[in-house]
Amino acid sequence: MRLVLAGTGSAVGKTTIATGIMKALSPDYNIQPFKVGPDYIDPTYHTLATETSSRNLDSFFMSDDQIRESFERGMNVSNSDMAVIEGVRGLYEGISPTGDVGNTASVAKALNAPVVLILNARSLVKSAAAIVIGFKTLDPEVRIEGVILNKVKNRKHFLKTKEAVEKLAKTPVMGGIPRSDDIKVEQRHLGLVPAVERKNILKFIEDWAQVMEENLDLDLLKSVMKGAGDLPSGREDIWKKGSKKRIKIGVARDEVFTFYYQENLESLEANHADLVYFSPLNDEEVPDVDGIYIGGGYPEIFAPELEANHSMRESVARFHQDGRPIYAECGGLMYLTRGINQHEMCGVFPYSSQMTKKPQALSYTISDVIEDNIILKKGETYRGHEFHYSKVTIEGKSPKFAFEVRRGRGIHSNKDGMMSKKTLASYVHTHVAACPPFPANFTDSARD
């Protein structure tokens, strides 16, 4: 049983509706949530709603066979009987104006999954039918089997729009969500505020579920999911394996550093790493581990508190000086610099990072490896994504860089991946499917 909840565009209410549906169905089913695209924040809401770690599916990172492998693996790991997949942006929005790479439609087709289209119905009646017809005819391979109308004014508005869509677009309407401030989600510069930071978030999710139960035909939704059919054939591994010697990898995970793909963590475990979670914000020092993984997040929001934790910053710096491996992405990179907005950080790299008013990068990336490093070898190519409002100012001697960025921006002059001893820090976030050697190489570097 599987279903893709796709939008006609951004900001149509996908996350609140998807999360509410997941929560509403959870009492009766084991729900495995998925998110299309390189998104860390929306999955935090899914995870709380279902008590199952949400996973990402992305056709820029993954081949169709890897999408199916990742999907099937996620279902098996969680022993789930139902998958709810939240799309990204509009159903057909990808990296090119005409292709499918990076869009929700490509994932739906790879999984042969039915699609329910979420449409902002504000001020629309017959025009809603025209929108649905357009979405259905643009790519007949995409199985749009239902519509959810969001932001309906009242019962009369809903019934008129429902009639238009069902009669003219020949597509069942599964319900209409009324306009309400109760289902709005707090925003920040990288998107929604992560669920872990929101007070009373479980109460909000309960409220969203109640709204879905009251306004959607969940039986019709489940009927569509049951009719999904078999997954297409074809599977491809999403990571490589290395040595079998057990090691410990410290993972910085707290209110600050929350941006981790579930499969990145599982790939390390599959390479015989025991993951030890620690908090750069609250703990006194790095735990007894062989390597450190610092993901992205919002260190700029917590910069004064991170600065105040002198013992942790000094512990991270010593870990680096001792020549033990540290891999850091985006927010982790910022934490390893000399400072963030005048607040002192770890000083592993003698450069400062500053926040800016405008985004510095928002893109999928393709990088060539120009120096051997702890995750990749010279001559290899890998894919990732970057999304940040910060920049690192390179003053004085330039660092040694690991990557030449072909698509994207990087840290400086189309270079990324600052290197020092066995530390690698980059603005690029990667998913293991787009960088299969990552777990084997990183864990092997911690065994040396």
Averaging the inverse of every distinct alpha carbon separation and then flipping it gives the Kirkwood radius. What is it for the chain, in angstrom units?
22.7 Å
What is the dipole size for segment 1-89, taken about its Cα centre, with +1 at each Lys and Arg Cβ and -1 at each Asp and Glu Cβ, in debye to the nearest 20?
200 debye
For Glu284 and Val101, FRET efficiency with R0 = 51 Å and r from the beta-carbon atoms, rounded to 0.05?
0.65
Between the helical axis of 310-321 and the dominant principal axis of the chain, each derived from Cα atoms, what acute angle in degrees is found, rounded to the nearest 10?
70 degrees
For helix 126-138, report the angle its Cα long axis makes with the longest principal axis of the Cα atoms of the chain; keep it between 0 and 90° and round to the nearest 10°.
60 degrees
By count of other Cβ within 10 Å, fewest leading, how are Thr47, Thr16 ordered?
Thr47, Thr16
Helical mean residue ellipticity (222 nm; -39500 (n - 2.57) per DSSP H run of 4+; nearest 500) of the chain:
-9000 deg cm²/dmol
Could you tell me which residue out of His429, Gly176, Met225 lies farthest along the dipole of the chain toward its positive end? Charges go on the beta carbon: Lys and Arg +1, Asp and Glu -1, centred on the Cα centre.
Gly176
R0 of 41 Å, Cβ-Cβ distance Asp274-Arg179: FRET efficiency to nearest 0.05:
0.25
Over every pair of different alpha-carbon atoms in segment 72-182, take the mean of 1/r and invert it; report that Kirkwood radius in Å.
15.2 Å
Given an 8 Å cut-off on Cα distances and at least 6 residues of separation, report the relative contact order of segment 205-352 as a percent.
19 percent
Size of the dipole of segment 212-323 about the Cα centre, Lys and Arg at +1 and Asp and Glu at -1 on the beta carbon, nothing else charged, in debye to 20?
740 debye
Using the Cα centre as the reference, give the magnitude of the dipole from point charges on the C-beta atoms of segment 13-62 (Lys, Arg: +1; Asp, Glu: -1; all else neutral), rounded to the nearest 20 debye.
60 debye
Stretched fully, the stretch from Lys421 through Leu202 gains (0.36 nm per residue minus C-alpha distance, one decimal, in nm) 74.5 nm
What whole-number distance in Å separates the alpha-carbon centres of segment 26-93 and segment 107-181?
22 Å
So for the pair Asp230, Ser63, with labels modelled 7 Å out along Cα→Cβ, what separation do we get in nm?
2.1 nm
Label-zone membership for segment 328-352, site Glu307, 7 angstrom Cα→C-beta point, backbone N under 13 Å:
338-346
Relative contact order %, the chain, counting alpha carbon pairs below 8 Å whose residues are six or more apart:
14 percent
Considering only Pro287, Asn120, Met419, whose Cα is most displaced toward the positive end of the charge dipole of the chain, charges sitting on Cβ of Lys, Arg (+1) and Asp, Glu (-1)?
Asn120
Given pairs Lys241/Lys422; Lys203/Lys226; Lys244/Lys421; Lys357/Lys378; Lys35/Lys160; Lys14/Lys109 and cut-off 26 Å on Cα-Cα distance, the over-length ones are Lys203/Lys226; Lys357/Lys378; Lys35/Lys160
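Read-outs: derived from the displayed coordinates by stated rules, not from any lab. As the structure is a computational prediction, the values presented were derived from the model and not from experiment. For neighbour counting, all protein chains shown are included, and Cβ atoms are generated from backbone atoms with ideal geometry for every residue, glycine included.
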